[in-house]
Amino acid sequence: MQIIVKEKGIFTNVTSPTAKAKLRLLFEVAPLGLLIENAGGYSSDGYKSVLDKVIENIDDRTQVAYGSKNEIIRFEETLYGSSRLKGGVPVGASA
């Protein structure tokens with residue numbers, strides 16, 4: 001987690017038509033997302049923070065990315081063309 005918060009890396013587990021989500025939201029994704037976001041990092045399912053996802057079933061699974069703000073912006077833009085974190089303000093190492 002130290003590497004992620006210091007903006008030196010990213011953890012992803014993405015889905016595709018042939019690779020379904022493996023990590024469970026309730027037991028794996030959300031708890032780690034809480035730790036990472038409280039430590040100053042960010043999480044994303046591609047559209048929003050994993051902490052904003054509604055858990056409907058105990059076995060709900062989702063794709064996820066954990067990292068610095070810059071890494072999450074790059075993840076969301078690469079997969080979906082835009083990022084919820086990118087406003088009119090430039091994102092730098094101190095952001």
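The values are calculated or read from the model by the stated rules, or taken from the named source; none is laboratory data. Just so it is clear, the structure is predicted and the values come from calculations on it, not from any experiment. Glycine also receives a Cβ, built like all others from the backbone with ideal geometry; neighbour counts cover every protein chain displayed.
Per-residue answers, yes or no, for (1) within 17 Å of Lys86 (Cα to Cα); (2) under 11 Å from the mean Cα position of the chain (by Cα):
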position	(1), (2)
Ile10	no, yes
Pro17	no, no
Lys20	no, no
Leu23	no, no
Glu28	no, no
Gly33	no, yes
Tyr42	yes, yes
Thr62	no, yes
Tyr66	yes, yes
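Tell me, please, whether a residue that is modelled with pLDDT of 90 or more, of a type in the set (Asp, Glu) and buried (at least 16 other Cβ atoms within 10 Å of the Cβ) can be found in the range 38-46.
So far as the range 38-46 goes, yes, one or more of its residues are modelled with pLDDT of 90 or more, of a type in the set (Asp, Glu) and buried (at least 16 other Cβ atoms within 10 Å of the Cβ).
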